[in-house]
Amino acid sequence: MRRALIAIVFLGLIVFFPVSADLTVFLPSYGGLSSTQVHDCTNGPGGEVVMATSDGLSVYDGANWTTYHAPKEYMPESLLSDTILAVEYGPEGALWIGTTLGLQRFDGQNFQTLADQHRLKNPAVIALQRWDDVMWVETRNSGVHRVEGENWTWYKPFKPGSPASYALEDMGLDPMGGQLYCLSHDGLWAVGTNASAGFRPVTLHGMPLRGYDGVRTDPFGGVYLFNSSAVVHLGPAGRLTLVLRSSDLKSDGCALRDLGPAPDGTLWCATDRGIVWWADGGVADVIDRADGIWSPAIKKVFVDCGGRCWYSTSTAVGYVVPENSTLVPIAFERPTRGR
């Protein structure tokens, strides 16, 4: 692969604005960060931040951006599509990339296409999750795949032991509880360490647990589920606890768009009124247009391994460095509720 044809390394020309000591903003420009439409993020092995965008694969190394694009004409060992939906580092150390046209692996030099339709039943991969030596691959309307080495297992929708949905939306891992969750608006399904037992529906009072838009790992065990109006915590024992309502976030009519759990137990909330940092059962800070984020409508948040909260809007991407990252973990004291 001629890397120069598909990778543009940006050296100092990117438009970025260190708005304050706590906020840094990047605007898309030729050769650097190419899009503000971010679908997924992950941490790189050297502390990089890797972003799956609608216009290529963007990597930030702490100083510069590198963006990889698909060539206009297909080339072996090149990126299949500029529309990237999911990224995750695999057990072998390479970056797995879910695009609209297939699943690939990137070793830092070459892109390798991993599966044809004989293995991958839908080329559009919307979520990736590593669990020890296994990669889980989620498609929206063709179920989930489990990949261990060269062995592929397909969990076909509505088959026994598979999620009963043709509209999967998200996937999240609870490593402490030994559960992987697949989410759709139809419900939530979990699979344990015994993958041969398959997925089981998660229920509340005998009814399917449904109505949530996303699932995120809680570093202290369990997962968070969220929709536009609330965040709940699903514990390893299956206990569902209300964490916050959108009305708790200081602004009336505030809607949640995304959630970023931090290693210290705090939560970063993407809302249509800015970024809200939730800690100790209340709002610790609000970052909005007055602080320099360009647009108050936050689409995505992601907390990197250094504790920075990355965010995306329609016009910019940036990160916030919290002033205090040593707050105690969240305490769940409110009564258990479902939606």
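List of remarks:
- Extreme residue, surrounded by the fewest Cβ atoms within 10 Å (Cβ to Cβ), among residues of the range 244-279 that are acidic (Asp, Glu) and out of contact with any strand residue (DSSP E or B) (no Cβ under 6 Å at 6 or more places or on another chain): ASP252
- Boolean, VAL59 is at pLDDT 95 or above, over 28 Å from GLY143 (Cα atoms) and within 21 Å of the chain's Cα centre (by Cα): yes
- Leading residue by the ranking (nearest to THR53 (Cα to Cα)) among those in the range 92-118 that are open to solvent by 30 Å² or more (accessible area, probe 1.4 Å) and of a type in the set (Val, Ile, Thr): THR100
- Test: residue in the range 75-91 that is buried (at least 21 other Cβ atoms within 10 Å of the Cβ), among the polar types (S, T, N, Q) and outside any loop (DSSP other than H, G, I, E, B): no
- All positions within the range 219-240 that are part of a loop (DSSP other than H, G, I, E, B) and either surrounded by 20 or more Cβ atoms within 10 Å (Cβ to Cβ) or at positive phi (or both): GLY221, GLY222, GLY238
- Residues of the range 53-71 that are buried (at least 22 other Cβ atoms within 10 Å of the Cβ) and farther than 15 Å from GLY318 by Cα: GLY56, LEU57, THR67.
- Near pairs, Cβ below 6 angstrom, 6+ apart or cross-chain, from the range 43-61 (at negative phi and without any contact (Cβ under 8 Å) to a residue 40 or more places away in the chain) to any residue that is assigned to a strand (DSSP E or B) and open to solvent by 10 Å² or more (accessible area, probe 1.4 Å): GLU48/VAL59; THR53/VAL38; VAL59/THR66
- Remark: pairs (first residue in the range 106-135, in contact (Cβ under 8 Å) with a residue 40 or more places away in the chain and of a type in the set (Lys, Arg); second residue open to solvent by less than 70 Å² (accessible area, probe 1.4 Å) and not in a loop (DSSP other than H, G, I, E, B); Cβ separation under 7 Å; 6+ apart in sequence or on different chains) = ARG130/GLU88; ARG130/TYR89.
- Scanning the range 130-180 for residues that are open to solvent by 20 Å² or more (accessible area, probe 1.4 Å) and at positive phi returns ASP132, GLY149, PHE158, GLY161.
- Residues in the range 286-300 that are among the basic types (Lys, Arg) and closer than 11 Å to ALA270 by Cα: LYS299, LYS300.
- Of all residues in the range 22-48 being more than 17 Å from ILE126 (Cβ to Cβ) and in contact with a Ser or Thr (Cβ under 8 Å, 6 or more places away or on another chain), the one that is modelled with the lowest pLDDT: GLY31
- Tally of residues being modelled with pLDDT under 95, open to solvent by less than 60 Å² (accessible area, probe 1.4 Å) and not in a strand (DSSP E or B) across the range 196-208: 0
The values are calculated or read from the model by the stated rules, or taken from the named source; none is laboratory data. All values reported here derive from a predicted model rather than from experimental measurement. Cβ: placed from backbone, ideal geometry, glycine included. Neighbour counts: every protein chain shown. When the accessible area is computed, the model is the full protein with side chains, heavy atoms only, and any ligands, DNA or RNA have been set aside. Shrake-Rupley method; radii C 1.70, N 1.55, O 1.52, S 1.80 Å.
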